[in-house]
Amino acid sequence: MTEASVPVTRECHLALPISAIKSKNSTPNPIALIISKSATMCIMNMFQRAYTTFALLALFVTFHPGQVEAVEITTKECSYHFNRVGSAEGRASCQYNDFVDFSCDPNSCLTKQDHAFENVYFYGCHVPGSIVTRPSVHAAQYYRRDTYASVQDWDGSWWDCDFNVPQSNNNQYLTCTNCYYAGTHA
């Protein structure tokens, strides 16, 4: 008896006798029904494998370490720089050195005297390289140097505030308790 090959898919290949495929009467051939069910199952299995592959790919993309990396919340001293406007909306920039930046919730930032970021003032300040002075500067951001702080007022003007001004507490800086690593500066 000769056999006829019935290719169903690239992965499914059924080899059956010709007599099983060709029926002489109008009643369905039971072997032909098995073939059609097998072909259907073969096709369904192919789609199931494709679906499984697609689902696994989607899971891999979703759970890639770069996507689900936990953010470490930490406390940082802004002993070098603080800016109430950070790179992320609603967060402040806090640096303890010139290179490493942290993104902090500004409402978690206090001085050692318990002044919140919106209530930090520097006193007895002057325009850099000038004799123009201002009795108090409302700090929107600051850079701390060796002997003074370079402070930007909320009005946008910059002032130098010496640490040695009596009764000024110009050596102050903020410490923020709700920070995460934001990157480095070149």
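Conditions first: (1) of a type outside the set (Asp, Glu); (2) surrounded by 16 or more Cβ atoms within 10 Å (Cβ to Cβ); (3) under 38 Å from the mean Cα position of the chain (by Cα); (4) farther than 24 Å from Ala88 by Cβ. Tyr180 passes all but one, so which condition is the exception?
Of everything listed in (1) of a type outside the set (Asp, Glu); (2) surrounded by 16 or more Cβ atoms within 10 Å (Cβ to Cβ); (3) under 38 Å from the mean Cα position of the chain (by Cα); (4) farther than 24 Å from Ala88 by Cβ, Tyr180 misses just condition (4).
Suppose we filter Tyr173, Tyr142, Tyr181 for residues that are part of a loop (DSSP other than H, G, I, E, B) and aromatic (Phe, Trp, Tyr); which single one remains?
The unique qualifying residue is Tyr173.
Return the residues of the stretch 89-101 that are farther than 15 Å from Tyr142 by Cα and in contact with a Ser or Thr (Cβ under 9 Å, 6 or more places away or on another chain); say none if nothing qualifies.
Answer for the stretch 89-101, where residues must be farther than 15 Å from Tyr142 by Cα and in contact with a Ser or Thr (Cβ under 9 Å, 6 or more places away or on another chain): Arg91, Phe99, Val100.
Just name the residue that is surrounded by the most Cβ atoms within 10 Å (Cβ to Cβ) out of those in the stretch 132-149 that are under 12 Å from Tyr121 (Cα atoms) and polar (S, T, N, Q).
Gln141
Rundown of residues vs (1) within 13 Å of Ser103 (Cα to Cα); (2) of a type in the set (Val, Ile, Thr), yes/no style:
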{"site": "Thr147", "(1), (2)": "no, yes"}
{"site": "Val151", "(1), (2)": "no, yes"}
{"site": "Gly156", "(1), (2)": "no, no"}
{"site": "Trp159", "(1), (2)": "no, no"}
{"site": "Val165", "(1), (2)": "no, yes"}
{"site": "Asn170", "(1), (2)": "no, no"}
{"site": "Cys176", "(1), (2)": "yes, no"}
{"site": "Cys179", "(1), (2)": "yes, no"}
{"site": "Ala182", "(1), (2)": "yes, no"}
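Going residue by residue through the stretch 138-155, is there one that turns out to be farther than 15 Å from Tyr80 by Cα and basic (Lys, Arg)?
no
Suppose we filter the stretch 69-125 for residues that are surrounded by fewer than 16 Cβ atoms within 10 Å (Cβ to Cβ), in a strand (DSSP E or B) and without any contact (Cβ under 8 Å) to a residue 40 or more places away in the chain; how many remain?
Total meeting the criteria: 1.
Quick note: the coordinates plus some simple rules give every number you see, no bench work behind them. Bear in mind that the values here come from a model prediction, so they are computed numbers and not experimental data. Glycine also receives a Cβ, built like all others from the backbone with ideal geometry; neighbour counts cover every protein chain displayed.
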